[in-house]
Each structure stands twice: as C-alpha cells, then as structure tokens.
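Have a look at the structure below before the remarks.
Readers should treat all values here as calculations from the given coordinates under stated rules, not as data from a laboratory. Remember, it's a predicted structure, so these values are computed and weren't measured experimentally. Cβ placement follows ideal geometry from the backbone for every residue including glycine, while neighbour counts extend to all protein chains displayed.
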Amino acid sequence: MSIVHKIGRRKTSVARVYVRPGSGVITINKKDSKEYFGTDVLVYKVNQPFLLTESVGQYDVTVNVFGGGITGQAEAIRLAISRAMCEINEENRLLLKPHGLLTRDARMVERKKPGQKKARKKFQFSKR
C-alpha cells in the first residue's frame, strides 16, 4: 500500500489527508496534533477513526487543513481519515458508518440577505 489521499470538509474547513503505513504520527500543518489542537477532545476526534478500527499506531498521517475554526477543522480531518480507512480496508466501513464518521455534515452558516440585519434578523420596524 502506498499513500492514500482523501479530502474532508466541515462548514468552511477543508482537510487534505495523506495516510501511509508507519508508527502513528499525526502531523497537522507541519505541527504535531497535540500541539495544533490544544484540547484533548479535538485530539480524540482526530484519532476516533483509528480507535474504532483498532489500528492505532499503524499509520502516519500528514494533514493540510485551512478555513473555519478548530472544531470544524478537527471534524474535517476526522471525515478525511475515515474515508481513507475505508479505502485501505473496505471492512472498516461497517465499523465507522454506525458512528456517523462517514457522513458529510452539510450544515453551513446561512448567508446574510440584503435589506436585513443578519440572515433572518430584520431591522427594527417602526409603525409611526
């Protein structure tokens, strides 16, 4: 197996993931995952596909991620890693699908409309 390349998206974050056999090192934008994401919850989200497929420490992951906030980036990385794990072994799909890791979360910020204050909020109305 050579390098597997997959893309994951969440809100405005886009993550490009390169998975190769190795010792379990996860590099995000040329930093370690624990250094890039300050909290343990976000590091857990990134590692979740490996925990569910019982392949922790078997693959090296290189990630290029941009856009959005850190939570959106973590979830974009999780989706991309999950897709890569399915390409490596098709049986991983049965483990990841019930946990919702292969579902692209399409919720985005609604756009602001002209003549309104925000997407749904209107300017104050004065009758007189």
Nearest-5 percent of antiparallel DSSP beta bridges in the stretch 4-99?
85
When ranked by the protection proxy of mean other Cβ atoms within 10 Å per residue, highest first, what sequence do the peptides 46-55, 20-29 form?
46-55, 20-29
Can you give me the Cα centroid spacing of the stretch 3-59 and the stretch 62-128 in angstrom?
17
Do any of K11/K117; K31/K97; K31/K118; K11/K97; K6/K34 go past 32 Å between their Cα atoms, and which?
K31/K118
Taking N as its residue count, the alpha carbon Rg of the stretch 4-99 over 2.2 N^0.38 Å:
0.96
Note to self, the chain gives a 222 nm [θ] from helices alone (DSSP H runs n ≥ 4, -39500 (n - 2.57) apiece, / all residues, nearest 500) of -9500 deg cm²/dmol
Which length gain, in nm to one decimal place, applies between V25 and H99 when the Cα-Cα distance is subtracted from 0.36 nm times their residue separation?
24.3 nm
What full-extension length gain, to one decimal in nm, is calculated for K121 and A106 as 0.36 nm per residue of separation minus the Cα-Cα distance?
3.2 nm
